[in-house]
Amino acid sequence: MPINVETVEVTTDLLLVGGGMSACGAAVEASYWAKKNGLKVTLVDKAAMDRSGAVAMGLSAINQYLGVGKGKNTVEQYVDYVKQDMMGIARDDLVYNIARHVDGTVHLFEKWGLPIWKDENGDYVNEGRWQIMINGESYKVIVAEAAKNALGMDNIYERVFIIEPLMDGDRVAGAVGFSVREEKFYVFKAKAVMTCMGGAVGVFKPRSTGEGLGRSWYPPFSTGSSAYFTLRAGAEMTCQEVRFIPVRFKDAYGPVGAWFLLFKSRATNAFGGEYMVERKDELKKWGPYGQVKPIPANLRNWLGMLDESEGKGPLYMRTEEAIQKIADAYKDDQKAFKKKMKELESEAWEDFLDMTIAQALLWAATNTEPEKKSSEICAAEPYFIGSHSGATGAWVSGPEDIAPAEYNWGYSNMTTIKGLFAVGDASGASAHKFSSGSCTEGRIAAKAAIRFIVENNDQPNVDAAKVEELKELTFRPMNLFEEHKDFTTDPEINPNYILPKMFMFRIQKCMDEYVGGVSSNFTTNESKLNRAMELLEMMKEDSEKLGARNLHELMRCWENIHRMWQAESHTRTIMARKETRWPGYYFRADYPTIDEDNWKKFVNIKWDPSSNEWEIIERPVIDLLK
Ligand code: SFD
Ligand code: AMP
């Protein structure tokens with residue numbers, strides 16, 4: 001190997017891969033149970049935990065809080081809400097398990113120092129039924145601090161990018177990766193591994209191109225590592241077709257929740273029409289789910305998209321109208337009115353300053369005063385995220401006390417691979433967990449993982465030859481570049497390698513045009529999907545020629561390989577489900593209707609490491625609520 005890379009070996013009991021919300025929850029809980037059993041817990045994150053993952057910039061709301069003790073809601077009501085929002089496809093057992101524990105996690109956040117909005121009675125201020133408002137600019141720093149205190153810095157490896165799982169037969173044995181700052185190859189050997197590497201962004205061509213490239217709603221540094229890791233271990237995946245398309249403020253992706261729920265804003269088209277009202281009849285076409293309240297996220301999207309397709313765009317969030325309406329209640333007292341207007345104005349800005357600073361910058365740059373002027377909203381490009389209103393992720397075991405036999409194989413959140421757990425965006429079919437639920441799921445899984453280790457307390461074998469092979473594979477892009485860089489004068493143009501940025505564009509163009517991205521109006525069909533598969537096959541071949549000029553680009557290479565696998569499992573699963581169940585997320589023009597009789601089931605997928613074959617597996621949706 002031309003570049004000189006040191007190998008660092010770390011042996012541990014439980015390895016947490018990722019340092020985001022779910023990993024922090026897992027770190028806190030695992031440390032507690034590990035101490036009782038004399039076990040070691042290690043965490044590895046590609047970034048620095050204080051600001052890594054989706055909550056890096058902070059958040060302005062906690063989207064899952066039930067307030068059960070306060071008599072507000074029941075766990076069953078939450079399960080019902082999620083199931084309906086996901087058009088009938090969800091694992092009740094997993095959603096239930098998170099929902100029954102989530103309030104406790106939120107109380108911990110407050111104890112750790114997170115400021116939560118309170119009303120005059122000292123109760124949390126709700127944004128919507130399940131959402132509470134926070135001053136969350138430092139949310140991640142606070143949660144990471146608790147995780148770091150629990151683990152101890154000696155057990156944390158930051159800026160180490162994990163690539164592949166290590167296996168010992170049918171059991172996971174650890175993971176390998178490399179430092180993005182030093183020429184070091186890391187080999188982590190563990191008795192159990194938890195995948196907490198978030199979702200996938202940049203699989204589809206984003207709306208933000210050119211000058212705006214790099215801006216996205218979900219973090220650009222979530223690049224499909226979770227899906228890749230679990231797929232490569234041979235784990236069964238679920239809901240790979242259930243991508244999430246959020247409606248967002250245009251160009252800077254500011255979230256809409258506070259506007260719709262807290263400010264009770266309307267969204268209207270260019271002609272002042274309100275698509276949620278004018279298109280009500282459309283909802284009748286989408287089975288029982290069109291009739292539930294709140295209307296499922298994908299159907300809300302769909303009604304807006306129909307307006308756009310008919311040339312009625314742009315769509316607008318009527319911020320000025322919403323603010324005025326709230327302030328109007330104070331109009332008899334000019335002083336109180338003015339005070340309320342100021343308060344609403346600052347809440348509007350804080351919503352974005354807390355979690356999507358770019359949107360506040362865009363408002364400032366375009367002289368937008370939300371109390372005076374509407375802002376454009378639109379459907380963003382697709383994302384893969386198991387924790388919001390999408391459901392992609394690994395197929396994991398449910399809790400022993402409530403999961404039916406079909407959904408339970410022993411340890412909560414263990415994938416179909418022995419010792420490999422998945423949480424947060426990495427676990428599927430349990431949408432609407434958000435930041436609080438992801439952290440909760442990490443806690444649940446950590447306790448189960450420690451129990452797994454106690455009951456399977458032998459160190460799996462790691463094949464040294466395999467490790468060497470992985471090391472060589474990991475650094476191949478840098479070696480390839482070194483070997484061929486002098487062939488041309490411009491390092492970006494060279495027939496012997498492809499740089500990761502160009503490779504990323506290739507994936508994104510293919511997905512956008514053939515698998516229903518923005519430019520194809522979120523629509524696809526079997527012929528287009530087949531073409532995407534042909535192109536993905538070629539990309540797989542070309543990925544062996546990825547070149548990297550430095551460690552940073554090496555990370556970019558691997559991020560794109562991870563994205564490519566997420567792209568493939570998505571394309572294959574969309575192909576297998578012969579109906580349109582989530583219009584507003586994607587529309588299959590060759591099967592344009594929902595088919596409750598034949599497709600109210602999970603379409604799972606698995607890649608077999610020994611045969612290199614993919615398999616589609618259908619699993620039943622079992623309703624636990626009657
Ligand atoms: O407004 C590797 N989310 C919201 N949740 C809420 O509760 N309230 C909100 O207000 C939310 N909104 C929101 C949200 C996210 C974003 C970006 C915005 C707005 C702008 C969602 C939550 O943030 C989300 O559900 C959780 O964070 C998911 O947790 P988790 O643990 O599954 O993922 P993570 O936090 O992104 O962490 C991932 C970690 O993995 C690391 N990583 N490490 C090593 N090797 C690799 N190869 C790796 N790849 C990734 C990352 O560095 C990170 O540590 S709103 O829109 O609804
Ligand atoms: P968002 O800002 O779109 O990520 O939404 C934040 C939270 O509000 C999530 O729990 C959403 O499901 C919810 N939400 C957003 N918009 C609406 C809406 N129009 N009706 C009901 N719930 C919504």
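The values are calculated or read from the model by the stated rules, or taken from the named source; none is laboratory data. This structure is a prediction, so every number in the text was calculated from the model and none was measured. In this analysis, Cβ positions are derived from the backbone assuming ideal geometry, glycine residues included, and neighbour counts consider all displayed protein chains. Just so you know, the surface numbers come from the protein's heavy atoms only, side chains and all, with ligands and any DNA or RNA stripped out. Shrake-Rupley method; radii C 1.70, N 1.55, O 1.52, S 1.80 Å.
On C-alpha positions alone, give me the angle between the axis of helix 551-576 and the longest principal axis of the chain, in degrees, nearest 10.
For 551-576 against the chain, the angle is about 70 degrees.
Using the Kirkwood radius over Cα pairs, work out the Stokes-Einstein diffusion coefficient for region 53-97 at 10 °C and 1.306 mPa s, in µm²/s as a whole number.
On the way: Rh = 12.2 Å.
Taking Rh from Cα pairs, D becomes 130 µm²/s.
Give the cross-link partners of Lys325 among the lysines, using a straight C-alpha distance below 19 Å as the criterion and excluding same-chain residues fewer than 8 apart.
The reachable lysines, counting only those whose Cα sits under 19 Å from Lys325, are Lys264, Lys335, Lys338, Lys339, Lys340, Lys342, Lys372, Lys373.
May I ask you to rank Ser611, Ser543 by accessible area, largest first, using a 1.4 Å probe over the protein chains only?
Ser611, Ser543
Once the Cα gyration tensor of region 37-162 is diagonalised, what are the square roots of 5 times its eigenvalues, in whole Å and ordered largest first, as equivalent ellipsoid semi-axes?
Value: 29, 20, 15 Å, ordered largest first.
Could you give the C-alpha radius of gyration of region 247-379 expressed as a fraction of 2.2 N^0.38 Å, taking N as the number of residues it contains?
This ratio for region 247-379 stands at 1.12.
How far, in degrees from 0 to 90, does helix 334-353 lean away from the longest principal axis of the Cα atoms of the chain, to the nearest 10?
20 degrees
Given the whole protein assembly as supplied and a 1.4 Å probe, what does the accessible area of Leu108 come to in Å², nearest 10?
We get 40 Å² for Leu108.
Return the sequence-ordered ³J(HN,Hα) values of region 281-287 in whole Hz as given by the Karplus equation 6.51 cos²θ - 1.76 cosθ + 1.60 applied to θ = phi - 60°, using x for Gly and Pro.
Listing the rounded values in order: 4, 4, 4, 5, 6, 10, x Hz.
Sequence neighbours fewer than 8 away in the same chain don't count; with that in mind, list the aspartates and glutamates whose C-alpha is under 17 Å from Lys331.
The reachable aspartates and glutamates, counting only those whose Cα sits under 17 Å from Lys331, are Glu320, Glu321, Glu343, Glu345, Glu371.
Only helical DSSP H runs with n ≥ 4 go in: add -39500 (n - 2.57) per run for the chain, normalise by residue count and round the 222 nm mean residue ellipticity to 500 deg cm²/dmol.
-12000 deg cm²/dmol
Taking Lys578 as the anchor, which lysines have their alpha carbon closer than 21 Å to its alpha carbon, excluding any fewer than eight residues away along the same chain?
The reachable lysines, counting only those whose Cα sits under 21 Å from Lys578, are Lys83, Lys284, Lys285, Lys528, Lys600, Lys601, Lys606.
Heavy atoms only, probe 1.4 angstrom, no DNA, RNA or ligands counted: give me Lys340, Lys118 ranked by accessible area, highest first.
Final ranking, largest accessible area leading: Lys118, Lys340.
Could you give the angle, 0 to 90 degrees to the nearest 10, between helix 21-37's Cα long axis and the longest principal axis of the Cα atoms of the chain?
It works out to around 60 degrees.
Alpha carbon centre of region 325-364 versus region 3-55: separation in Å?
Here the two parts' Cα centres lie 40 Å apart.
Quick check: at a probe of 1.4 Å, how many percent of the accessible area of region 247-379 sits on carbon and sulfur atoms?
56 percent
Computed over the Cα atoms of the chain, what is the ratio Rg over Rh, Rh following Kirkwood?
0.96
Could you tell me the center-to-center distance, by alpha carbons, between region 134-181 and region 251-295 in angstrom?
38 Å
Per residue, how large is the accessible surface of the chain? Use a 1.4 angstrom probe and give square angstrom.
Working: 23940 Å² over 626 residues.
For the chain, the solvent-accessible area averages 38 Å² per residue.
Order the peptides 122-129, 582-589 from the highest to the lowest mean number of other Cβ atoms within 10 Å of their residues.
Listed from highest to lowest mean packing, they are 582-589, 122-129.
Taking the Cα centre of the chain as the origin and placing charges on Cβ (Lys, Arg +1; Asp, Glu -1), which of Ala465, Ala429, Ala200 is farthest toward the positive end of the dipole?
Ala429
Within 10 Å, count the other beta carbons around each residue, average over each peptide in 507-520, 185-198, and list them highest first. Spell out each step's value before the answer.
Values: 507-520: 21.6, 185-198: 28.4.
In descending order of packing, they fall as 185-198, 507-520.
I'd like the carbon and sulfur percentage of the solvent accessible area for region 475-613, probe radius 1.4 Å, heavy atoms only, ligands and nucleic acids excluded.
Carbon and sulfur: 49 percent of the exposed surface of region 475-613.
Taking every DSSP beta bridge that has both residues in the chain, what percent is antiparallel when rounded to the nearest 5?
Working: 42 of 67 bridges.
So the antiparallel bridges in the chain amount to around 65 percent.
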